[in-house]
Amino acid sequence: MTCYEETRHTPEAEKLETVRHSASHIMAEAVQSLFPGTKFGIGPAIENGFYYDFELPRPMSPEDLPQIEAKMAEIIASNQPFIRQEVSKEEARKLFSGQPYKLELIDELPDAQVTAYRQGTFTDLCRGPHVSATGEVKAFKLINIAGAYWRGDEHRPMLQRIYGIAFESKAVLDEYLRQLEEAAKRDHRKLGKDLDLFSLHDAAGPGLVYWHPKGATVRRIIEDFWKAEHIKRGYDIVYTPHIGRIDLWNTSGHTSFYKENMYSPIDIEGQLYILKPMNCIGHILIYQTALRSYRELPIRYAELGTVYRYERSGTLHGLSRVRGFTQDDAHIFCRFDQLEDEVVAVLELACFMIDTFGFSKYKVMLSTRPEKYAGSLEMWEKSTAVLASALSRMNIDYKIDPGEGVFYGPKIDIKFEDALGRAWQGPTIQVDFNNPQRFSVTYIGEDGKEHTVAMVHRTVLGSMERFMALLTEHYGGAFPVWLAPVQAVIIPVADRHVEYARKLGSELKGEGIRAEVDARSERMNLKIRQAQLAKIPCMLVVGDKEVAASTVAVRPRRGGQQTQSFAEFKAMLQKSICDKALDFAL
């Protein structure tokens, strides 16, 4: 087991970040040249690249990007030096006159002197550093245009943001572009539409998901599996309301620490209610309906609970970032001496879930106390130590993520990688000493006295919406057979084979297998092609020979064909489903 600080600033990483920041200035110079009168926002380096925000004389389109890239290539070829300037704030105001966003930033700077960088005809307000000359930017590409509110405030002007990527060599850039192309094919928003899984409707409210029958089937299978595994491990399934009086959230501290992510209160008969952003308070209220003894602990409540959080419209992204979502939530009430064992058990369950769904690569972060927090330092130190000890017992490598804990306690975040090596937020385990104290959540100890419980907040998948996005992209929509909305489609060669196909379909459905019969009067090859596009795991083609011999011609999604007795095929498919196999093959 290894613990180490997150190494975000190796010399190589810092050099590449400098290249990317310099590339953003080069792009800004190109835009200034091509679009006179442009107002400039900010242009930082980001993971894998850079962006710059502009107020432009006209709306920009993707067709403009090649022209900007060509101008950037000219600037790079000219090998212009980056020149650092240090000026007074008054001089800076003159230097950036006519640039309202820069002037706003200058007014907020605390120092009397500010720095600027100039290359060629472009000067920017910037701390730096930069490469010595533009020619050091070797491999870049502009990839996207988006809207972005100035400083993330929807009440401020909407600017146009151009995103670019930059790497140390063309070979690395080309490989990343290949990955982007693959990611576009796997984008859950595209696949969700192509496979008829879900839809989003801005007219009805952005960030709210409508699950279609096929997507709802996948979700139901996941939820049924989730419930069964929790019941095996001693959890009780509960349900709680979607709204509650705001007084509860005042007591918990959410209205002080989390207000910007909560919706405005609703007045009901003179009382203020809010849409719940978390499920934890509901579970506390259930716990408090009886006097609890130390002999009863731990008590574990689990809920697939829908919550609502205010996400700005610019941050919404398919199923990955929504305003209403269902958490695979649970809360554990235990004695302090039971706490570490409970965290270990949650880690075991989380790893089991990740492995079952086929995510073998993941990284673990231990997130520590943020600047704005509730509770005492002693409370934070104790709970952080418990999480670290549990990780040690599980022999799990982890990294410290400084200051990224939630306001009421530290947490373990498990971020797993998909087939493209991208990290996604998955399971999270949080120790909370704050809410038990604020709500007086207690038990009667062996000594006959009241003691405050230790409380664990945890999810082992995340939200159902984000997990579905992850699962869809990880498998490119070709779900494992046990999760596939349609597990087998029976394709009769001609009309005279339809009766046999329907007989087989009825038998499969009777065994709980999700089967369909494609009895349309279309060519067989077209039906097979459409089944492949729908990513159905098994196609059963039946013609004269199959009817006569009570067999099926099995065509798995991955290719190949084999004629089997129907009973043999059914047994093979049932075993794959029972074993939760990640693929079905002959």
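The values are calculated or read from the model by the stated rules, or taken from the named source; none is laboratory data. Keep in mind that what you see is a predicted model, and the values were worked out from it rather than measured. Note that each Cβ is placed from the backbone with ideal geometry, even for glycine, and that neighbours are counted across all protein chains shown.
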In this structure, does Lys372 turn out to be within 17 Å of the chain's Cα centre (by Cα), touching a residue at least 40 places away in the same chain (Cβ under 8 Å) and surrounded by fewer than 17 Cβ atoms within 10 Å (Cβ to Cβ)? no
If a residue must be over 16 Å from Phe336 (Cβ atoms) and in a loop (DSSP other than H, G, I, E, B), how many such residues does the range 293-311 contain? 3
What residue, of Phe352, Phe325, Phe357, Phe333, is among the aromatic types (Phe, Trp, Tyr) and more than 19 Å from Trp424 (Cα to Cα)? Phe333
Among the residues of the range 174-233, which ones are under 18 Å from the mean Cα position of the chain (by Cα), basic (Lys, Arg) and loosely packed, with under 14 Cβ neighbours inside 10 Å? Lys185
Here is a check on your reading of the model: is Glu446 among the charged types (D, E, K, R) and outside any loop (DSSP other than H, G, I, E, B)? no
Among the residues in the range 576-584, are any surrounded by fewer than 17 Cβ atoms within 10 Å (Cβ to Cβ), of a type in the set (Gly, Ala, Ser), touching a strand residue (DSSP E or B) at 6+ places or on another chain (Cβ under 7 Å) and under 25 Å from Gly476 (Cα atoms)? no
Would the range 544-562 turn up any residue that is touching a strand residue (DSSP E or B) at 6+ places or on another chain (Cβ under 7 Å), under 19 Å from Val218 (Cβ atoms) and buried (at least 21 other Cβ atoms within 10 Å of the Cβ)? no
Restricted to the range 472-510 and to residues being among the β-branched types (Val, Ile, Thr) and outside any helix (DSSP H, G or I), the residue surrounded by the most Cβ atoms within 10 Å (Cβ to Cβ) is Ile491
Any chance you could count how many residues in the range 327-369 are part of a strand (DSSP E or B) and either surrounded by fewer than 21 Cβ atoms within 10 Å (Cβ to Cβ) or of a type in the set (A, V, I, L, M, F, W, C) (or both)? 9
Consider His21 against the criteria (1) modelled with pLDDT of 95 or more; (2) in contact with a helix residue (DSSP H, G or I) (Cβ under 9 Å, 6 or more places away or on another chain); (3) closer than 30 Å to Met365 by Cα: it satisfies all of them except one. Which criterion is unmet? (2)
Assess whether Pro427 counts as being surrounded by fewer than 22 Cβ atoms within 10 Å (Cβ to Cβ), closer than 30 Å to Phe257 by Cβ, touching a strand residue (DSSP E or B) at 6+ places or on another chain (Cβ under 6 Å) and not basic (Lys, Arg). no
Which members of the range 106-127 meet the condition of being surrounded by 14 or more Cβ atoms within 10 Å (Cβ to Cβ) and in contact (Cβ under 8 Å) with a residue 24 or more places away in the chain? Val114, Thr115, Ala116, Tyr117, Arg118, Gln119, Gly120, Phe122, Thr123, Asp124, Leu125, Cys126
Just to be sure before I move on: is Ala469 in a helix (DSSP H, G or I) and modelled with pLDDT under 95 in the structure I sent? yes
